[in-house]
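These notes concern the structure reproduced below.
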Amino acid sequence: MGFTESISTVFSKYATFTGRASRSEFWWFTLFAFIVSVVLRIGHLGPGRGVGILYLAWVLATFIPSLAVAVRRLHDSDRSGWWWLIVLIPIIGWIVYIYFQVQPSTPGSNRFG
């Protein structure tokens with residue numbers, strides 16, 4: 001799956017927490033969201049500028065689809081979406097989460113599709 005196809009797929013499945021998402025779908029969307037976030041944050045740097053309304057709108061608009069694609073990606077490696085909560089454990093949780101997200105898909109069908 002390519003860059004633009006990944007972004008359109010994630011936004012078309014805005015709040016779909018069922019099914020599976022490929023590695024490319026997850027990582028291309030993550031890269032896109034990161035780049036847009038950095039650009040919006042840089043645009044609002046400076047004294048007295050605060051967070052920036054565009055950045056805040058971006059975070060609010062992409063929170064649900066980002067969570068949904070992360071859960072679908074965990075499903076693709078035959079893990080429950082509840083494993084996403086491991087990010088709440090400082091440092092170690094993020095390392096385990098990234099490890100889960102870089103794992104290859106389970107071949108064929110699994111319990112999530």
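Just so you know, all these numbers are worked out from the coordinates, no wet-lab data involved. If you're wondering where the values come from, they're calculated on a predicted model, not measured in any experiment. No Cβ is skipped: glycine too gets one built from the backbone with ideal geometry, and neighbour counts run over all protein chains shown.
What the table shows:
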item	result
Dipole magnitude of the chain about its Cα centre (Cβ charges: Lys, Arg +1; Asp, Glu -1), debye to nearest 20	100 debye
Mean Cα-pair separation over length for the stretch 3-102, i.e. relative contact order, pairs under 8 Å, 6 or more apart, %	32 percent
For the chain, with +1 on Lys and Arg beta carbons and -1 on Asp and Glu, the positive-most of 4, 27, 17 along the dipole	17
Candidate values (i) 7.7; (ii) 6.9; (iii) 10.5, label of the one derived for mean projected area of the Cα convex hull in nm²	(i)
Listed residue (68, 101, 39) projecting farthest to the positive dipole end of the stretch 3-102, Cβ model	39
Under 14 Å, Cβ to Cβ, from residue 2 - net charge with Lys/Arg +1 and Asp/Glu -1	-1
Residue with peak Gaussian network fluctuation, the chain [Cα springs, cutoff 10 Å], from 79, 23, 41	41
